[in-house]
Amino acid sequence: YGCGTACRPTGAPWLTVDHKGATLYRENGSIERAMLWETPPWHKGMEDPPSAVKPCFLRLNQRLALDFNNRIQNTLIFFCEGEFKYQVGWRLKRELRYTEESEGVIRSGPDRGKHVVRQPGRHLQATEAVGEAARKRFSVSGKVHGVMDIVDSNRTLAHYLHTTETMRVHPAVTPAELNKAVSTMYPNPPDGASLAHERIMAENLMEMRKRVAKPEMSLACSRRVLPAISSKTYQQVLEMCKDCGQLLCVSVFGAWVTESTRMEKAAEEVNATLWQMYENVKSNPKDKPAPVTGLIGKDGGSKLPYRLVRYDPTKDKMLRNQHGLSRVPMFFFYMDARLLAVQPLWNGYGKTRRDFCMELAKQKANGARGLYIGSVSYTHLTLPTKRIV
């Protein structure tokens, strides 16, 4: 129902109407009568309850008056060369709503609850009008060589499209329907060759050319525990990897971090794959290798492109003092006995075996290009891991 306020010529409220009732005010602003739409229980049975709604006629100004009767029957009168009356009790109603012509309501999917209405859009009507006007203005005249042949062939094709059953497809054309329609326009050659088969072969050939070779380390091997490295043999191992042309990856793990444990298992799988592919050595996750010594005769793996070792931050403080190491996991990459990069993760934000393989290949390519870094501090790296204590 309608709600609002009628004011005196001075601007003071005269009558206010809301969802509970109506209130009539005097000129000084005090309440003259408080009326309720529903009579309260303590006023029922009275002959003239104080909360009953009583009609009143309010002359708002010289041209405007309000005839208030009840919650619904209220009339606004406008005096101008006669009387013009307007009903203001009811809430304004919207006519010709789209819900009246709805074919149903969508019951599932992202558009659930919306109405299905099929009405011609105004932009489509405007487009059709412009196209119809253009067709009326278009005409072929003159004796231009070949023009009439083009017109005749277009008419034949249009007749074919409108009359052939296979060309009548859904407005939202699918690839299958499009291929079916095109095949009727271009039949198979007399020699028996199939255009569809040739097209499939061509698509397969293009797909094969787009394929990217899989990473080298794609064998499904066991795990091989990373050998430990300490500050005593750190420089010797760097020189050994430099002589063999290997990329050295020093992995700093911590058993108190769940993320570090998962990445350690992935690194052990990659290490086993490397030894299987390049050294033809099978691995056992229960065997614990000896710490690296920096001597290729004892450590082995001269054919490896990458050498993976492990550093224990709880037993050795060299990396903590030299590079400000304060979190795990962390990975130090060396090439030609020089520091390449320090990464908390692999391949940007990866933690899987495939990400580790891609990170190793990328760092070795950076080493070949000479992209080294100096001795810097990495204490600003913030990871969701625990600090080393």
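How would MET318, MET240, MET201 rank on accessible area, largest to smallest, probe 1.4 Å?
Solvent-accessible surface, decreasing: MET201, MET318, MET240.
On the full set of protein chains, 1.4 Å probe, figure out the accessible area of SER231 and give it in Å² to the nearest 10.
Probe radius 1.4 Å; accessible area of SER231 about 50 Å².
Kindly sort ILE150, ILE77 by accessible area of their heavy atoms, largest first, with the probe set to 1.4 Å.
Descending order: ILE150, ILE77.
Output the Cα-based Rg and Dmax of region 1-91 in Å, rounding Rg to one decimal and Dmax to a whole number.
14.0, 48
Can you give the percent of C-alpha pairs in region 240-382 whose distance is more than 22 Å?
Counting pairs separated by more than 22 Å, the tail of P(r) holds 38 percent.
Determine the order of HIS19, HIS323, HIS115 by accessible area, beginning with the largest, at a probe radius of 1.4 Å.
Result of the area sort, largest leading: HIS19, HIS115, HIS323.
Could you go through region 237-253 in sequence order and give the Karplus-derived ³J(HN,Hα) for each residue, using 6.51 cos²θ - 1.76 cosθ + 1.60 with θ = phi - 60°, rounded to whole Hz, and x for Gly and Pro?
Once θ is set to phi - 60°, the couplings for region 237-253 become 5, 4, 5, 5, 5, 5, 5, 8, x, 9, 8, 9, 10, 9, 9, 10, 10 Hz.
Could you give the radius of gyration (one decimal) and Dmax (whole number) of the Cα atoms in region 304-351, in Å?
11.6, 30
The values are calculated or read from the model by the stated rules, or taken from the named source; none is laboratory data. Note that the structure is predicted; figures quoted are calculated from it, not measured. Calculation scope for accessible area: heavy atoms of the full protein, side chains included, ligands and nucleic acids excluded. Shrake-Rupley method; radii C 1.70, N 1.55, O 1.52, S 1.80 Å.
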